[in-house]
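Here's the structure, in C-alpha cells; my notes come after.
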Amino acid sequence: MNSVAPVYGLILAGGASTRMRTDKAALRYQGKTQLERAFDLAGRHVLEVFVSVRSSQITEPTRAAHPLIVDSVEGEGPIVGIRSALAAYPKAAWLVLACDLPFLSDAVLEQLLAERDPTALATAFRSAHDGLPEPLCAVWEPAAGAALAAYQRGGGHCPRKFLIGHAAPLLEPRDPRALDNINTPEEYAQAEDALSPIARTDPMQLTIQYFALMREQAGRSEETLETAAATPADLFSELTLRYGFTLSREQLKVAVNSEFSDWSRRLSSGDAVVFIPPVAGG
C-alpha cells in the first residue's frame with residue numbers, strides 16, 4: 001500500500017494585481033498583509049509553507065521574508081506556480097492557496113484536509129457562486145505534476161478546466177464566503193470594513209423574510225433573530241450555514257427596510273431584511 005504524501009503549503013503571490021492597481025500581497029487587514037495572513041493560516045495546518053513568486057519578485061520585501069518557490073517552468077498564471085512547487089518537492093502534496101482570500105478560516109482548511117482524497121490528482125472546493133472547482137484553495141497530489149505538464153503541453157493553462165477534465169472530487173464549503181477573493185479596490189474596501197474590529201457589532205435584533213425556495217429551506221417565511229452580522233452579506237453567510245441555502249448571493253437581491261440595498265450596507269438593530277430569489281416563469 002502506498003503511503004499518503006505529506007502536505008506542504010503554497011501561497012500564490014506571483015500575480016500582477018492588474019485590477020487592484022497595487023500589489024495584492026501587501027494589502028493589510030487587522031495589522032497583517034494578505035500574504036502574512038495566508039502564510040500563517042496555512043502554517044497552522046501543514047508541515048512547511050512556501051510563497052510562490054516570479055523571478056522578478058525574489059527581493060520584494062513582502063515576499064522575501066518567507067521561504068520562496070520561484071517559477072521554474074514555462075508559461076503564465078497559477079498553473080506555473082503549482083507545477084513549480086510539485087517539481088521542487090515531488091513527493092509532497094500541496095495545499096495551494098491564493099493570497100487574496102481574506103475570509104478563509106481554519107475551519108475551511110480543516111475541512112479540506114480532513115476530506116482530501118489522496119488517490120485523486122487534487123481535491124478542491126466547489127464554488128458557492130457558480131458550482132465550478134476552486135483550484136486556488138485545493139490540495140494537489142504528487143501525481144498531478146506529470147498530468148499538469150501534459151495538460152500544458154497540449155495547450156492547456158487553466159487549473160480550473162484541468163480539475164473539470166480530470167473529475168477532481170469537489171467539497172461543499174461550509175462557509176460560502178470563505179473563498180471570495182479580492183480583485184478590485186472596491187472589493188478591498190468592503191472586505192476591510194467587514195473584517196475591521198468595529199465591524200463586529202454587539203448582537204442586534206433583525207427581522208428576516210424568506211420567499212420561494214429560501215422559505216422552503218428555512219422552514220419559515222419570517223423570523224426575528226439576534227445576530228452580530230454587520231452587513232447583508234455577513235447575514236446571508238450566517239443564515240446559509242444555518243439553513244443550507246443553495247442559492248448564491250449572485251442569484252439574489254437584498255432589500256433592507258423595503259428598499260433595495262447593497263450587500264455591504266451597514267445593518268442596524270430593528271432592520272427588516274428580505275432576500276429576494278429569482279422569479280420563476282416568464
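Go ahead and set up a Gaussian network model of the chain, Cα springs under 10 Å, then flag whichever of Leu68, Leu47, Leu195 fluctuates most.
Result: Leu47 has the largest fluctuation of those listed.
So what's the projected area for the chain, the Cα convex hull averaged over all directions, in nm²?
17.0
Write down the radius of gyration of segment 130-223 and its Dmax, each obtained from C-alpha positions, in Å.
My reading of the Cα-based Rg and Dmax gives 19.8, 57 Å.
Might you report the magnitude of the Cβ-based charge dipole of segment 157-235 about its Cα centre, with Lys and Arg at +1 and Asp and Glu at -1, to the nearest 20 debye?
Using Cβ point charges on Lys, Arg, Asp and Glu, segment 157-235 gives about 440 debye.
Quick one: which residues, 5 or more positions from Phe50 or on another chain, have an amide H under 5 Å from its amide H? H modelled 1.01 Å from N in the peptide plane, none for Pro or chain starts.
HN-HN under 5 Å from Phe50: Gly9, Leu10, Ile11.
Can you put Tyr243, Tyr29 in order of Cβ neighbours within 10 angstrom, beginning with the fewest?
Tyr243, Tyr29
For the residue pair Asp193 and Ala65, what label-to-label distance in nm results when each label sits 7 Å from Cα along the Cα-to-beta-carbon direction?
Label-label distance for Asp193 and Ala65, simple model: 2.8 nm.
In segment 1-157, if the dipole is taken from +1 on Lys/Arg beta carbons and -1 on Asp/Glu beta carbons about the Cα centre, which of Val70, Gly155, Gly43 is farthest to the positive end?
Among Val70, Gly155, Gly43, the one farthest towards the positive end of the dipole of segment 1-157 is Val70.
Per DSSP H run of at least 4 residues, take -39500 (n - 2.57); add these up for the chain, divide by its residues and hand me the 222 nm value, nearest 500 deg cm²/dmol.
About -8000 deg cm²/dmol.
Relative contact order of the chain, please, whole-number percent, based on alpha carbon pairs below 8 angstrom and at least 6 residues apart.
Over the chain, the number comes to 16 percent.
Using a simple charge model, +1 on the beta-carbon of Lys and Arg, -1 on the beta-carbon of Asp and Glu, nothing else, what dipole does the chain show about its Cα centre, in debye to the nearest 20?
Approximately 600 debye in magnitude.
Give the aspartates and glutamates reachable from Lys32 as a straight Cα distance under 12 Å; neighbours fewer than 8 places away on the same chain don't count.
The reachable aspartates and glutamates, counting only those whose Cα sits under 12 Å from Lys32, are Asp40, Glu192.
Report the one residue of Asn181, Val256, Ile276 whose Cα lies farthest in the direction of the positive end of the charge dipole of the chain (charges on C-beta: Lys and Arg +1, Asp and Glu -1; origin at the Cα centre).
Most positive-ward Cα: Asn181.
Would you work out the charge dipole size for segment 1-155 about its Cα centre, treating the Cβ of every Lys and Arg as +1 and the Cβ of every Asp and Glu as -1, and quote it to the nearest 20 debye?
So the magnitude is around 260 debye.
Work from the charge dipole of the chain (Cβ charges, +1 for Lys and Arg, -1 for Asp and Glu, about the Cα centre) and give the residue of Leu247, Ser105, Pro118 farthest towards its positive end.
About the Cα centre, the residue reaching furthest to the positive side is Pro118.
Sort Ile69, Ile11, Ile82 by Cβ crowding within 10 Å, fewest neighbours at the top.
Fewest-to-most ranking of Ile69, Ile11, Ile82: Ile69, Ile82, Ile11.
For the residues Ser269, Ser237, what sequence is obtained by ranking on other C-beta atoms within 10 Å, fewest first?
The most exposed by this proxy come first: Ser269, Ser237.
Read-outs: derived from the displayed coordinates by stated rules, not from any lab. Because the structure is a prediction, the values reported are computed rather than measured. Please note: Cβ atoms are built from the backbone with ideal geometry, for glycine as well, and neighbour counts cover all protein chains shown.
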